[in-house]
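K.L.:
My questions will all concern the structure given below.
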Amino acid sequence: MRALKRLDPILIQAVIAAALSFAHIHDIAEAAGQTGWKAWAYPVSVDLLLVAAWRRMRKMRRDGNAWLWFLVAMAASLSANILTSGVMDLADPPNALRVIVAGWPAVAFLGGTLLVHSKSGAAADEPREAPAQEPQEPVSEPPAPPTEDETEEPENEPQKPVLVSYADAADALGVAEGTVRGWAFNGHVRRHPGPTANTVRVDLTECKSYQSRRLVGA
């Protein structure tokens with residue numbers, strides 16, 4: 001409530017000033033030959049242009065386009081106030097005034113269009129943000145070659161079994177086939193399934209190892 005009381009005198013003064021200026025522009029337009037609704041449209045166009053320029057100036061203080069049209073609208077309003085003070089005979093206005101009043105709609109239309117659709121210089125001068133770049137992964141250096149102390153000897157891989165028949169193992173070892181068969185049945189060497197259900201294979205390496213142990217034991 002206190003804020004409204006403080007603003008009351010200012011609002012009353014603004015309303016009175018706007019009404020007087022509105023009436024003066026109407027009188028000038030009517031004196032220049034614009035009658036009826038056209039005479040009332042002139043003060044509306046001047047005030048709207050003034051308000052549009054003022055709002056743009058508040059948002060973009062460095063906008064020269066807004067300052068230009070604000071001064072144009074202010075000059076039109078001040079000129080109307082001065083000319084209606086008795087400086088000019090409104091019953092017989094000069095032709096120059098008629099020309100200016102007749103050309104004002106085009107000027108007001110141009111100013112309003114530029115204020116609404118043109119970009120301000122401050123907005124155009126703002127640096128554009130560079131597009132965000134994805135962080136690149138650091139290039140990894142190739143691993144250093146291992147030193148002599150770090151080199152490890154490869155582990156001995158298990159040898160694959162050499163599966164052969166009893167007869168082939170006996171020929172390779174120079175023993176009888178029954179001897180190899182006996183080793184297999186006694187569990188000294190493992191028996192492996194052959195290509196068919198009735199065939200058995202033994203590991204030739206395992207047979208050689210068992211034969212060597214027997215010879216050493218003998």
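The values are calculated or read from the model by the stated rules, or taken from the named source; none is laboratory data. Since the model is a prediction, treat every value here as computed from it, not as a measurement. As a convention, Cβ positions derive from the backbone with ideal geometry for all residues, glycine included, and neighbour counts pool all protein chains shown. The area values use the complete protein model at the heavy-atom level, side chains included, leaving out ligands, DNA and RNA. Shrake-Rupley method; radii C 1.70, N 1.55, O 1.52, S 1.80 Å.
K.L.:
Please verify whether ALA106 is open to solvent by 30 Å² or more (accessible area, probe 1.4 Å), more than 20 Å from LEU20 (Cβ to Cβ) and modelled with pLDDT of 90 or more, treating the condition exactly as stated.
P.N.:
Here the answer is yes, as ALA106 does meet what is asked.
K.L.:
Which residues, counting only those in the range 42-78, are at pLDDT 90 or above, among the small types (Gly, Ala, Ser) and open to solvent by 40 Å² or more (accessible area, probe 1.4 Å)?
P.N.:
Within the range 42-78, ALA75 is the sole residue that qualifies.
K.L.:
Still on this structure, I have one more. Identify the residue in the range 168-205 that is open to solvent by less than 40 Å² (accessible area, probe 1.4 Å) and more than 18 Å from LEU215 (Cα to Cα) and, among all such residues, is modelled with the lowest pLDDT.
P.N.:
So, considering only residues that are open to solvent by less than 40 Å² (accessible area, probe 1.4 Å) and more than 18 Å from LEU215 (Cα to Cα), the one modelled with the lowest pLDDT is GLY194.
K.L.:
Could you please let me know if THR113 is modelled with pLDDT under 60 and either closer than 30 Å to GLY33 by Cα or of a type in the set (Val, Ile, Thr) (or both)?
P.N.:
no
K.L.:
Report whether or not LEU90 is surrounded by 14 or more Cβ atoms within 10 Å (Cβ to Cβ), at pLDDT below 85 and closer than 18 Å to PHE22 by Cβ.
P.N.:
Yes; evaluated as a whole, the condition is true for this residue.
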